[in-house]
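> Take this structure first; my questions come after.
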Amino acid sequence: MKNEELTLKHGPMLQERLGPLGNGLSEYCFSNLYLFRKVHKYKVIFDREIFISGTTYDGHSHLMPVFDPVYIDTDYLIKALTGFDFLYPISDKALKKIDSKIFSISFNEDDTDYVYSSEKLKTYKGRKLGRKRNLMKQFLENFHSEAYPASTQRKKDTQDILDQWLKDVGHTAAQTDYYSCLEAFTNMDVLGLCGFIHYVQKEPAGFVLAKEVSPGICVFHFAKGKRKFKGIYQYMFNHFAKTYSDRFNYYNFEQDLGNPNFRKTKLSYAPDKMLKKYRIRLRNTSQY
């Protein structure tokens with residue numbers, strides 16, 4: 001067995017294996033793993049099978065299988081888990097052959113991904129989304145905007161948006177995903193990211209960066225906008241969904257991290273699916 005710090009060189013090998021496995025979970029996407037590798041201390045483990053080791057947001061060591069665990073014998077999984085708290089994140093699809101006599105299954109609500117249909121973001125139909133429609137309408141009435149494909153050549157404009165966003169939210173860069181976001185723009189071609197930068201009267205106003213996590217499902221890694229442009233988030237999501245209407249059916253807005261403000265915002269878009277990320281641990285270990 002050997003392990004290596006997760007780097008860009010692992011991208012082609014991991015992405016080829018991850019795509020079919022996660023059932024839309026945001027972690028089953030190399031760009032997600034790479035951009036948040038420092039936060040989670042990700043390493044690639046090469047054994048009979050390949051794993052990603054890391055630390056969850058609530059501080060537990062885990063193994064992420066880069067294979068379908070339903071086809072691996074139980075004895076091997078028990079051996080692989082030595083020194084780790086649990087297998088994670090496991091999709092509901094992969095639970096069907098987990099032996100419940102040997103393994104316990106749990107999840108942390110803070111990890112759950114919020115997923116929305118393309119149709120919802122394209123239309124904001126219904127009473128629950130009335131405020132989103134109104135905010136987008138205000139943006140369109142008050143501002144003349146232009147959108148351009150995101151690219152490394154526009155990194156300066158990205159930083160302008162990020163710096164103002166940081167002032168708007170009142171946090172330091174280290175308290176946010178500021179540095180991960182800058183790194184995403186630096187490596188967006190290698191990571192296969194797509195997105196748009198929006199300008200209002202030539203001023204950089206907001207951007208969205210995303211990645212296809214599995215066929216028909218896109219994960220939004222970053223969405224940032226200047227607060228003075230009211231309604232820009234609603235417009236950016238709508239614009240993206242309309243632009244990629246033939247490619248993506250669902251959009252994953254990732255987890256809320258247990259942050260009440262994140263949770264309130266994500267729930268306000270009325271998610272169509274909530275994707276739980278299960279933790280599979282040996283029953284003779286303490287519960288977390």
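The values are calculated or read from the model by the stated rules, or taken from the named source; none is laboratory data. This structure is a prediction, so every number in the text was calculated from the model and none was measured. Every residue, glycine as well, gets a Cβ built from its backbone with ideal geometry; the counts of neighbours run over all protein chains shown.
> Taking only region 59-78 into account, find how many residues are without any contact (Cβ under 8 Å) to a residue 60 or more places away in the chain and assigned to a loop (DSSP other than H, G, I, E, B).
Residues that pass the stated criteria total 6.
> Take the conditions modelled with pLDDT of 95 or more and under 30 Å from Tyr235 (Cβ atoms) and apply them to Phe46. Does it pass?
Here the answer is no, as Phe46 does not meet what is asked.
> Which condition from (1) in a helix (DSSP H, G or I); (2) of a type outside the set (Lys, Arg); (3) closer than 23 Å to Lys38 by Cα is the one that Asn261 breaks?
The failed condition is (3).
> Hey, another quick one. Among the listed residues Tyr235, Tyr199, Tyr244, Tyr178, which satisfies the condition of being within 28 Å of His40 (Cα to Cα) and of a type in the set (Phe, Trp, Tyr)?
Only one candidate qualifies: Tyr178.
> Filter region 29-59 for residues that are in contact with a helix residue (DSSP H, G or I) (Cβ under 8 Å, 6 or more places away or on another chain) and closer than 15 Å to Glu254 by Cα and give the result.
Those that are in contact with a helix residue (DSSP H, G or I) (Cβ under 8 Å, 6 or more places away or on another chain) and closer than 15 Å to Glu254 by Cα: Cys29, Phe30, Ser31, Leu33, Leu35, Phe36, Thr56, Tyr57.
> Report, by residue number, each residue of region 94-122 that is among the small types (Gly, Ala, Ser) and either part of a helix (DSSP H, G or I) or surrounded by fewer than 16 Cβ atoms within 10 Å (Cβ to Cβ) (or both).
Listed by number, the residues that qualify are Ala94, Ser100, Ser106, Ser118.
> Answer with yes or no whether Leu129 is touching a residue at least 60 places away in the same chain (Cβ under 8 Å), within 23 Å of the chain's Cα centre (by Cα) and assigned by TED's automatic domain parsing to the domain that holds Tyr42.
Judged against the criteria, Leu129 is not a match.
> So is Lys155 in the same structural domain as Val219 (by TED's automatic domain parsing), in contact (Cβ under 8 Å) with a residue 60 or more places away in the chain, at negative phi and among the basic types (Lys, Arg) or not?
Answer is no for this residue.
> Run down Lys137, Lys155 and say which single residue is at pLDDT below 95 and either not acidic (Asp, Glu) or not in a helix (DSSP H, G or I) (or both).
It is Lys155.
> Please specify each residue of region 268-288 satisfying the condition of being out of contact with any helix residue (DSSP H, G or I) (no Cβ under 9 Å at 6 or more places or on another chain) and either farther than 29 Å from Lys96 by Cα or without any contact (Cβ under 8 Å) to a residue 24 or more places away in the chain (or both).
Matches in region 268-288: Asn284, Ser286.
> With region 1-57 as the region, which strands (runs of 3 or more DSSP E) entirely inside it contain at least 1 residues that are of a type in the set (S, T, N, Q) and either assigned by TED's automatic domain parsing to the domain that holds Asp68 or in contact with a Lys or Arg (Cβ under 7 Å, 6 or more places away or on another chain) (or both)?
2-5, 50-55
> Sort through Phe229, Phe262, Phe240, Phe253 and tell me the only one that's of a type in the set (A, V, I, L, M, F, W, C) and at pLDDT below 95.
None of the others qualify; the one that does is Phe262.
Residue-by-condition table, conditions (1) of a type in the set (Gly, Ala, Ser); (2) part of a loop (DSSP other than H, G, I, E, B); (3) surrounded by fewer than 22 Cβ atoms within 10 Å (Cβ to Cβ):
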{"residue": "Glu141", "(1), (2), (3)": "no, no, yes"}
{"residue": "Leu166", "(1), (2), (3)": "no, no, yes"}
{"residue": "Ala174", "(1), (2), (3)": "yes, no, yes"}
{"residue": "Tyr179", "(1), (2), (3)": "no, no, yes"}
{"residue": "Phe196", "(1), (2), (3)": "no, no, yes"}
{"residue": "Cys218", "(1), (2), (3)": "no, no, no"}
